[in-house]
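Trainee: There's a structure below that I have some questions on.
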Amino acid sequence: MTSSGIPFDTGALMAAVLEGILYGFSVLMFMGTMWSLTYKQHVRDINRPIAIVAILLLLLSTAHIVVTIIRVEDGLVKYRDTYPGGPAAFFADVAQETYVIKHALYVLQTLLADGMVVYRCYVVWQSIRVIILPGLLWCSVAITGTIAVYSVSQSESTTSVFSTNLATYIMAYFVSTMAANVSGSGLMAYRIWAIERNVTTTRAGTKGTLMPIVRVLVDAAILYSVALLTALICFLCSNNGEFVMVDLMMPIISIAFYMVLIRIAMNKHRGYLSTSTGRTTVRTEQSNSQEYPMTPVETHISKFTHSGSTSVDGTGSEHKSGKSPTWILAE
């Protein structure tokens, strides 16, 4: 199947430049993420699983852009005059080792990021039934991605990535990862929004603190989904822009992951400040009350219990297994 759009060599150079820009931005966000995870934290209190995932995403992105640079150097410099058909034919060759390695790294990055979405969804809901669909979609991503990479590695130099035998698995891979991300992020956002609504309803006049997390979850899902949808449309149209979008997906995945972690960390630090301020106010009121006679007062505290063992009591404390949703989402 013939392709259309920008030439392969132009697309490869464009992808390398744009990926480098986004990679630099993702490195800055990684530094912000690690700072938010370790700032004023004891070593034993650092969330190691999240830190490990953040580091792995950076390592995979770094490996991918290194392979991209090597591939561009091979096609435009090293084999420019010796490869049959020139640079355009070189970058169109899906059997190239660098091409296979790049897409294997992309599949690993996707599995890692989507797996964290499914895990967070489970932690927030504390229900296996809720994550059945995202979990099955994640398995579909793993299966179709593995088959697609293997099929590409076994292809001949003249095989097009838009050929029927490759297109089926690649299309299924794009659809599966998009559905897994949207469903997992949507379930998390809905759960946090429902908790926030119940809290603000029970405590009249209280300003919610979890809506920023809902917004950043939605923003991250939209960012990732728009990039995936663009790549899928290019692929369905047999447009070479698909090669550019796939390369850009690596730093975009990292950026979407880091922006959620940074927002959660900011919310947690604000919670620390609010808690400290509240304790100071209580101590001040207690010291002042000692100067005046005390009279017994009967107090009735109502308690609202939300489905899924999340409760909000009249004293203004929300918890789920002893933790607020902000803490749970950061696990």
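Trainee: What residues qualify as long-range amide H neighbours of residue 239, i.e. H under 5 Å apart, gap of 5 or more or another chain, H built at 1.01 Å from N?
Mentor: Long-range HN contacts for residue 239: 4.
Trainee: When the Karplus curve 6.51 cos²θ - 1.76 cosθ + 1.60 is applied with θ = phi - 60°, which whole-Hz ³J(HN,Hα) does each residue of the stretch 77-90 get, with x for Gly and Pro?
Mentor: Going residue by residue, I get 10, 5, 10, 4, 9, 10, 7, x, x, x, x, 4, 5, 4 Hz, with x marking Gly and Pro.
Trainee: Going by average Cβ neighbours within 10 Å, how do the peptides 226-238, 136-148 rank, with the highest at the top?
Mentor: Listed from highest to lowest mean packing, they are 136-148, 226-238.
Trainee: How long are the semi-axes of the equivalent ellipsoid of the stretch 1-71, defined as square roots of 5 times the Cα gyration tensor eigenvalues? Whole Å, largest first.
Mentor: Over the Cα atoms of the stretch 1-71, the ellipsoid semi-axes are 35, 11, 9 Å.
Trainee: So, one more: Which order do peptides 71-82, 18-29, 92-103 fall in by mean Cβ count within 10 Å, highest first?
Mentor: Final packing ranking: 92-103, 18-29, 71-82.
Trainee: Per residue of the stretch 168-181, what does 6.51 cos²θ - 1.76 cosθ + 1.60 with θ = phi - 60° give for ³J(HN,Hα)? Whole Hz please, x for Gly and Pro, Karplus curve as stated.
Mentor: Calculated HN-Hα couplings, in order: 4, 6, 5, 5, 4, 5, 4, 5, 5, 5, 5, 5, 5, 5 Hz.
Trainee: Let me ask something else. Calculate, for residue 190 and residue 82, the FRET efficiency according to 1/(1 + (r/R0)^6) with r their C-beta to C-beta distance and R0 56 Å; round to the nearest 0.05.
Mentor: 0.50
Laboratory data are not the source of any read-out in this text; all were calculated from the coordinates shown. Bear in mind that the values here come from a model prediction, so they are computed numbers and not experimental data. Methodologically, a virtual Cβ is constructed for each residue, glycine included, from the backbone with ideal geometry; neighbour enumeration extends over all protein chains shown.
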